[in-house]
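The next block holds one structure in the form of structure tokens; read it before the comments.
The values are calculated or read from the model by the stated rules, or taken from the named source; none is laboratory data. These figures come from a predicted structure and were not determined experimentally. Cβ sites come from the backbone with ideal geometry, for glycine too, and all protein chains shown count toward neighbours.
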């Protein structure tokens, strides 16, 4: 091969490589910080890098949402804010965030995976009942403020939480949801209402001690009976839904333990199939059906 042909071949290879890198980057999910200048009171920490390895993400000081849009040919306008678990020490971002998002994408649902601050990390400056709640509320307000941009039906925006993420979900769902009309930030003027909630093996934090709101969102709870510590929060919330006469559905599996994610790593057929029960619940309650114009 002469020098000219060699140069041409190398240039073509470089173009292909750069094109591949560009396409890969274009395919990466978009990440949006919840506060442009950093979380209130902790703005000076917003540029600290996150730590990620294998299944977890840690050191979150700039809370954000990662967007997983539904395919255009399937999108139906529904949306879900997903809150991964991890004991407030880390986030199980892939198995309880990205994977559920892709499952719901296939149903036509646009998803937003929340990276919330972690109060149980070593030397964490955060409080469990304050910062995660703020992050959940702000995430929902950001989604609602940009619903038109993402072609979302503002009556079909729900939330899905796993373990500690389900505790953050409770802090969001059972707190006052109205925005502040006098807020300088337009996002904070939005409400942070959840139109439905899906709660997967939740911890006790956030479970209300008093009656739930009269307009509490329709709920789906999923738990394994041998997950003893996490059974009580489900039964407590179920009773409150029954008392308030609000729509609720509960799936209690005989076995499965804690942290079964989407069930793909379980040997139990019932646990492997639980995501389809979630899909059925969404369909049966009309959350996958676009509103008639």
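Among the residues in region 190-207, are any over 20 Å from the mean Cα position of the chain (by Cα) and either without any contact (Cβ under 8 Å) to a residue 24 or more places away in the chain or not in a loop (DSSP other than H, G, I, E, B) (or both)?
no
Right, residue 223: in a strand (DSSP E or B), more than 23 Å from residue 134 (Cα to Cα), without any contact (Cβ under 8 Å) to a residue 40 or more places away in the chain and under 20 Å from the mean Cα position of the chain (by Cα) or not?
Answer is yes for this residue.
Got a number for residues in region 261-286 being in contact with a strand residue (DSSP E or B) (Cβ under 7 Å, 6 or more places away or on another chain) and either within 21 Å of residue 110 (Cα to Cα) or in a loop (DSSP other than H, G, I, E, B) (or both)?
4
For region 66-114, which positions are touching a strand residue (DSSP E or B) at 6+ places or on another chain (Cβ under 6 Å), part of a loop (DSSP other than H, G, I, E, B) and surrounded by fewer than 19 Cβ atoms within 10 Å (Cβ to Cβ)?
69
Somewhere in region 270-286, is a residue at pLDDT below 95 and loosely packed, with under 14 Cβ neighbours inside 10 Å?
Within region 270-286, not a single residue is at pLDDT below 95 and loosely packed, with under 14 Cβ neighbours inside 10 Å.
Take region 134-158 and flag every residue that is farther than 15 Å from residue 35 by Cβ and in a helix (DSSP H, G or I).
Selection gives 144 alone.
What tally of residues in region 240-256 results from selecting those that are within 15 Å of residue 202 (Cα to Cα) and surrounded by fewer than 16 Cβ atoms within 10 Å (Cβ to Cβ)?
Adding up the residues that qualify gives 2.
So, residue 29, is that one at pLDDT below 95 and in contact with a strand residue (DSSP E or B) (Cβ under 8 Å, 6 or more places away or on another chain) or not?
The answer is yes for residue 29.
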